[in-house]
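Heads up, the thing below is written out as structure tokens.
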Amino acid sequence: MVKEDYYTLKEVLTELRREIKDLKKKIMANTERIVEIDSRLKVYRDAEPEDFKVFSPRNAEAVHREEIQQIKKEREALEEQNREWNQRKATLGKYAGKLEKVLKSRDENSCLERETADSLQSSSIEALEHLVHKIEQSSSLIPKNPVQARQDLAVIGRNLQETVDKIRDTVWII
């Protein structure tokens, strides 16, 4: 993943979290308003004593019918809005979770890549130092035993090719 893409995804995740937080605040405000409405409706229902309700030809609900209907409509609208916002919050939460997994996976892969690169570097350096040491030994053998020096240089060439192949394979994996 390209570094700019990674930071863009982190920015999107931050924006998703902010929007979820805003939705939570809106839902809480609506819920508080619903509680207020319920309290107001209870006041209308309990405004008259039971004795008065039984003997009176009118009741509080009939007197305040329009206001009660308006309050109930407002309550229903708030509940509907809360349902929509809860669905949106759940959807955004799902996407935020998926995005967090992707970013976490990228972070873990980055650590693994770093460890692999460090391991490759140390093993390659050791192998190359060993080859340098063998070349020095072989060069001292050239005047004394040229056949042995040629054989040592052939082995060094193979070892050097193996090290290069190992580096090439590891770079392709990363």
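The values are calculated or read from the model by the stated rules, or taken from the named source; none is laboratory data. Predicted, not measured: the structure shown is a model, and the values here were computed from it. Here the Cβ is made from the backbone with ideal geometry for all residues, glycine too, and neighbour counts use every protein chain on show. Calculation scope for accessible area: heavy atoms of the full protein, side chains included, ligands and nucleic acids excluded. Shrake-Rupley method; radii C 1.70, N 1.55, O 1.52, S 1.80 Å.
Pairs meeting the criteria (first residue in the stretch 138-162 and outside any helix (DSSP H, G or I), second residue surrounded by 12 or more Cβ atoms within 10 Å (Cβ to Cβ), beta carbons under 7 Å, at least 6 apart or on different chains) are Ile142/Ala149.
Among the candidates Ile125, Ile167, which residue alone is on the phi < 0 side of the Ramachandran plot, assigned to a helix (DSSP H, G or I), open to solvent by 70 Å² or more (accessible area, probe 1.4 Å) and of a type in the set (A, V, I, L, M, F, W, C)?
Checking each option against the conditions leaves just Ile125.
Pairs meeting the criteria (first residue in the stretch 65-80 and more than 14 Å from Glu36 (Cβ to Cβ), second residue assigned to a helix (DSSP H, G or I), beta carbons under 6 Å, at least 6 apart or on different chains) are Ile68/Tyr44. For the stretch 138-153, indicate whether the set of residues that are closer than 30 Å to Tyr6 by Cβ and either at pLDDT 75 or above or not basic (Lys, Arg) (or both) is non-empty. No: the stretch 138-153 contains no residue that is closer than 30 Å to Tyr6 by Cβ and either at pLDDT 75 or above or not basic (Lys, Arg) (or both).
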